[in-house]
Amino acid sequence: MVDGIASTETKHRDSHAGERGKAVFSPPIPAYHDAMETPSQILKVTVWRGGEAGDFATYEVPLKAGQTVLDLLGRIQRELEPSLAYRYSCRAGVCGSCAMTVNGRPRWTCRTLVSEVEEQGNLEIAPLANLPVIKDLVTDMTPFFEKWQKAKGRFYPGDTEKDRFARIRPDDPKRKAIDAAIECIGCGVCFSACDVVKWNDDYLGPAALNRAWSLTNDVRDGGQLERLRAVAGSGGCRACHSQQSCAEHCPKGLNPTAAIAGLKREIFKAALGGKL
Ligand code: SF4
Ligand code: SF4
Ligand code: FES
């Protein structure tokens with residue numbers, strides 16, 4: 001049997017996020033009770049509460065085998081803090097909606113085991129950095145998706161209904177380049193991990209540029225020059241410093257840095273050919 005606690009202990013969010021204010025959020029003292037459980041370890045979990053000017057609240061929760069960070073939040077919400085806000089959908093690494101900052105590092109929480117990330121019984125969960133906080137662990141993804149739009153990250157049909165389907169061989173180099181970049185789930189982890197996104201509001205960011213690179217390799221797409229122009233500006237791929245934080249953190253193992261390098265090559269070729 002374990003008593004859950006909520007405290008007014010103050011800590012500050014990870015280094016990516018910077019300080020978001022020092023107001024103390026004081027949740028009601030919860031009554032956590034589970035007589036059927038004999039936990040081997042009690043975790044001290046600090047969770048961001050409130051908006052931009054919020055603060056951390058602390059809960060004590062038993063560590064269980066196979067428990068993900070998302071499971072842990074569900075438990076806190078069910079048994080300790082019903083007003084806790086967080087976002088998820090698939091719980092299976094598909095939808096990209098559950099990303100948060102866990103012990104200072106952006107991660108997908110539905111596929112992150114608590115046992116692999118807790119540090120000496122401590123876990124800190126905060127919203128993704130580089131995005132506005134709506135409430136608790138929920139960020140406003142609007143700036144992230146607006147940058148996809150700015151990078152022309154959608155398919156522009158190049159054929160008419162009367163044209164035959166394009167035939168693309170699986171071993172075609174362009175098809176292979178698409179394969180390497182296509183599995184993005186739009187989680188925002190790379191966006192949160194990118195230092196340039198943090199200090200350059202205009203920067204389109206790794207996910208939008210990765211998407212642009214996928215489409216640049218799509219021979220069916222009719223918006224190629226328009227897209228290259230969109231990503232060639234000062235907020236485009238040349239703002240990237242190629243330090244690879246995006247690639248290091250991407251939960252799908254994608255490499256937006258390589259995608260951005262590919263875009264730079266295409267822009268260079270188009271400029272040499274007098275097209276840009
Ligand atoms: S390599 Fe470029 S996109 Fe990736 S984190 Fe660094 S600056 Fe951002
Ligand atoms: S590139 Fe990776 S980290 Fe970035 S949004 Fe896509 S899946 Fe998430
Ligand atoms: S809940 Fe869908 S990816 Fe985590």
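Note on the stretch 115-150: among residues that are more than 18 Å from the chain's Cα centre (by Cα) and surrounded by 15 or more Cβ atoms within 10 Å (Cβ to Cβ), the one that is nearest to ligand 1 (Cβ to nearest atom) is LYS150. Only residues that are among the β-branched types (Val, Ile, Thr) and over 20 Å from TRP199 (Cβ atoms) were counted in the stretch 223-250, giving 0. When each of ALA99, ALA92 is tested for being surrounded by fewer than 19 Cβ atoms within 10 Å (Cβ to Cβ), among the small types (Gly, Ala, Ser) and within 13 Å of ligand 3 (Cβ to nearest atom), the lone residue that passes is ALA92. Across the stretch 156-181, the number of residues qualifying as surrounded by 12 or more Cβ atoms within 10 Å (Cβ to Cβ) and among the polar types (S, T, N, Q) comes to 0.
Residue pairs whose Cβ atoms lie under 7 Å apart, separated by 6 or more positions or on different chains, with the first residue in the stretch 170-187 and more than 21 Å from TRP108 (Cα to Cα) and the second surrounded by 13 or more Cβ atoms within 10 Å (Cβ to Cβ) and of a type in the set (Asp, Glu), are ILE178/ASP218. For the stretch 226-256, enumerate the residues that are out of contact with any Cys (no Cβ under 6 Å at 6 or more places or on another chain), farther than 16 Å from ILE178 by Cβ, more than 16 Å from ligand 3 (Cβ to nearest atom) and of a type outside the set (Gly, Ala, Ser). Listed by number, the residues that qualify are GLU226, LEU228, ARG229, CYS237, ARG238, CYS240, HIS241, GLN243, GLN244, GLU248.
Scanning the stretch 167-190 for residues that are in contact with a Leu (Cβ under 7 Å, 6 or more places away or on another chain) and either within 16 Å of ligand 1 (Cβ to nearest atom) or not assigned by TED's automatic domain parsing to the domain that holds GLY235 (or both) returns ALA181, CYS184, GLY188.
Just one of the listed residues (HIS241, HIS249) is touching a strand residue (DSSP E or B) at 6+ places or on another chain (Cβ under 6 Å) and in the same structural domain as GLY153 (by TED's automatic domain parsing), and it is HIS249.
The values are calculated or read from the model by the stated rules, or taken from the named source; none is laboratory data. Only a predicted model underlies this, so the values are computations on that prediction, with no experimental measurement involved. For neighbour counting, all protein chains shown are included, and Cβ atoms are generated from backbone atoms with ideal geometry for every residue, glycine included.
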